[in-house]
Structures are given as C-alpha cells and as structure tokens.
1. Out of the residues in region 16-33 that are of a type in the set (A, V, I, L, M) and in contact with a Phe, Trp or Tyr (Cβ under 7 Å, 6 or more places away or on another chain), which is modelled with the lowest pLDDT?
2. From the list Asp63, Asp78, Asp92, Asp36, pick out the single residue that is within 15 Å of the chain's Cα centre (by Cα), among the acidic types (Asp, Glu) and at pLDDT 95 or above.
3. Is there a residue being among the β-branched types (Val, Ile, Thr) and over 17 Å from the mean Cα position of the chain (by Cα) anywhere in region 222-231?
4. Which condition from (1) open to solvent by less than 40 Å² (accessible area, probe 1.4 Å); (2) farther than 11 Å from Cys228 by Cα; (3) under 19 Å from the mean Cα position of the chain (by Cα) is the one that Asp184 breaks?
5. Scan region 120-146 and report the pairs whose first residue is closer than 17 Å to Asn162 by Cβ and whose second residue is assigned to a helix (DSSP H, G or I) and not basic (Lys, Arg), with Cβ atoms within less than 8 Å and a gap of 6+ or a chain change.
6. Take the residues of region 187-205 that are in contact with a helix residue (DSSP H, G or I) (Cβ under 9 Å, 6 or more places away or on another chain) and of a type in the set (Gly, Ala, Ser): which is least open to solvent (accessible area, probe 1.4 Å)?
7. From Leu49, Leu35, grab the single residue that is open to solvent by less than 80 Å² (accessible area, probe 1.4 Å), among the aliphatic types (A, V, I, L, M) and part of a loop (DSSP other than H, G, I, E, B).
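The values are calculated or read from the model by the stated rules, or taken from the named source; none is laboratory data. It should be emphasised that the depicted structure is a prediction, and the values quoted were computed from it without experimental measurement. Cβ atoms come from the backbone with ideal geometry, glycine included; neighbour counts cover every protein chain shown. We work out accessible area using only protein heavy atoms, side chains counted, and drop any ligands, DNA or RNA first. Shrake-Rupley method; radii C 1.70, N 1.55, O 1.52, S 1.80 Å.
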Amino acid sequence: MGLDLYSKVEPFLDFEDEVYLLHKQFMEFVMVNELDNIIDIGCGQGYFLENLKINGKTAFGTDLSVEQIKVCKAKGLDAKAIPLNEVKEKYDCATAIFDVLNYMDKNYLETFIKETNLVLNQGGYFVFDVNSHFGFDNIAQGCITIDLKDKFIAIDALFEDNKLQTDITLFNKQKSNLYSRESDSIIQEYHSKEYLSKLLENNGFKIQEIREFNLHSEDDADKYIFICKKIN
C-alpha cells in the first residue's frame with residue numbers, strides 16, 4: 001500500500017515539528033504513569049522507540065514496512081516487520097502514533113482493536129492518535145513537489161468521501177545521469193470520535209480521555225489522542 005515508498009520520501013517531508021510535539025504528548029503520558037514494557041505499533045523509522053530507549057524504557061516496535069524496520073534495525077532498536085496478530089508477548093502499554101489507525105479501513109479496524117487488546121496485560125493502556133476531519137480536509141490534502149540534487153519527489157493528496165488518497169512519485173538520479181521512477185499510492189480513512197469510541201468500548205477498552213492536538217489552528221483540532229485502558 002505504498003508504505004515502502006513512503007519510507008523513502010518521509011525524511012524530506014518536513015514533519016519534524018509535528019512529530020516532536022505529538023511524541024511529547026505520548027512520552028509525557030508514559031513518564032507520568034511510570035509505564036514500561038511498551039509495544040509501538042506502526043513504529044515507522046523508530047523515532048518514538050528511540051525516545052523510549054533514551055528514557056530507559058523497555059520497548060518493541062512493529063511495522064508492516066520492511067524498509068521502515070531496516071532503519072530501526074540500523075539504529076539498534078528492537079523491531080520487526082510482522083503483523084500484530086503474530087506478536088506473542090504481552091505488554092503494559094500499546095502506542096500507535098501518527099495516524100496508524102487511519103491507514104486501516106473500517107472492515108479491518110475492529111480486528112485491529114481486538115488484536116491490540118490481546119497483546120496487552122489486564123489494565124494495560126492503549127494510546128493512539130487519529131486525524132480529525134479538519135486535519136484531513138484542511139491540512140493533509142494538496143500537492144507538493146520537492147526538487148533535490150539527486151532526486152525529485154511529487155506528492156498529490158486528495159480527500160474525498162472520507163478517504164485521503166496520496167499518490168507518491170519518486171525520481172532518483174542514477175550514475176548514468178538518467179532517472180529511475182517509482183510511484184505508489186496510500187489510502188487513509190477518516191474515523192470519527194464517536195465511531196472509534198463505540199468500537200473501543202465494544203472490544204474491552206474503557207476510554208479515559210480524548211485529547212485535542214492543535215498545531216495548525218487554535219479553533220480546530222488536527223488530531224485526537226485517545227487514552228484507553230483494557231478492562232476485559
């Protein structure tokens with residue numbers, strides 16, 4: 001679904017401020033609640049795993065992109081490219097950061113929540129963020145091009161019918177001075193707070209808090225951060 005190609009262009013997309021502030025929210029929750037034994041689902045290139053490691057926390061990451069996990073391994077992080085249903089260990093906290101649940105359609109989302117419940121110990125926390133409708137409609141969609149010395153990146157994102165389709169094209173300059181071309185697409189789906197709340201409560205979680213994450217607007221939330229606890 002375009003995740004391997006996305007991993008190649010992600011370092012050039014200038015998300016540093018948003019990622020830093022979002023990770024700060026998650027890390028504050030981990031530290032205040034003195035949590036350890038954490039699984040980071042959809043860990044990407046391991047930025048949050050690195051933060052956990054620096055703060056002396058035991059953590060394991062999963063991601064469906066082999067390319068992302070290669071980056072994690074190069075950093076010395078404990079991570080594997082496996083689906084969640086293949087994880088056998090139990091954890092006291094599960095995180096899913098930077099729109100992980102938006103990459104899932106509604107047909108799979110409930111299965112994912114059930115699988116997350118299964119990898120948690122009783123009383124364990126599930127903390128994740130999702131894009132708001134404002135975040136999709138006013139921030140995520142649009143076109144950008146990035147012209148670098150040895151590569152050219154084009155991204156075209158359209159939000160329609162509650163789905164964001166992002167088309168990615170990457171041109172890489174070869175030794176022959178010719179360019180190779182890679183292209184793929186990513187689809188993300190909007191999930192309302194009400195819909196997610198019902199799914200979580202129907203599958204063994206109690207919602208303790210839903211926080212607004214505002215980076216681009218004082219009046220509208222870019223994302224919502226869910227803090228949930230496994231109760232059965």
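1. As a first pass, look at region 16-33 and keep what is of a type in the set (A, V, I, L, M): 19, 21-22, 27, 30-32.
Narrowing the set further to residues that are in contact with a Phe, Trp or Tyr (Cβ under 7 Å, 6 or more places away or on another chain) leaves 19, 22.
Details: Val19: 89, Leu22: 95.
Here the residue is Val19.
2. Values: Asp78 fails: within 15 Å of the chain's Cα centre (by Cα); Asp92 fails: within 15 Å of the chain's Cα centre (by Cα); Asp36 fails: within 15 Å of the chain's Cα centre (by Cα).
Of Asp63, Asp78, Asp92, Asp36, the one residue that is within 15 Å of the chain's Cα centre (by Cα), among the acidic types (Asp, Glu) and at pLDDT 95 or above is Asp63.
3. Initial filter on region 222-231 (among the β-branched types (Val, Ile, Thr)): 225, 227, 231.
Adding the requirement that they be over 17 Å from the mean Cα position of the chain (by Cα) leaves 231.
Within region 222-231, one or more residues are among the β-branched types (Val, Ile, Thr) and over 17 Å from the mean Cα position of the chain (by Cα).
4. Checking Asp184 against (1) open to solvent by less than 40 Å² (accessible area, probe 1.4 Å); (2) farther than 11 Å from Cys228 by Cα; (3) under 19 Å from the mean Cα position of the chain (by Cα), the one that fails is (1).
5. Correct list of pairs: Val130/Leu101; Val130/Asn102; Val130/Leu196; Asn131/Asn102; Asn131/Ala140.
6. We begin by selecting, within region 187-205, every residue in contact with a helix residue (DSSP H, G or I) (Cβ under 9 Å, 6 or more places away or on another chain); these are 187-192, 195-196, 199-200, 202-205.
Right, trim to of a type in the set (Gly, Ala, Ser) and you get 192, 204.
Values: Ser192: 28, Gly204: 5 Å².
Filtering region 187-205 for residues that are in contact with a helix residue (DSSP H, G or I) (Cβ under 9 Å, 6 or more places away or on another chain) and of a type in the set (Gly, Ala, Ser), the one least open to solvent (accessible area, probe 1.4 Å) comes out as Gly204.
7. On the way: Leu49 fails: part of a loop (DSSP other than H, G, I, E, B).
Step by step, each of Leu49, Leu35 is checked, and only Leu35 is open to solvent by less than 80 Å² (accessible area, probe 1.4 Å), among the aliphatic types (A, V, I, L, M) and part of a loop (DSSP other than H, G, I, E, B).
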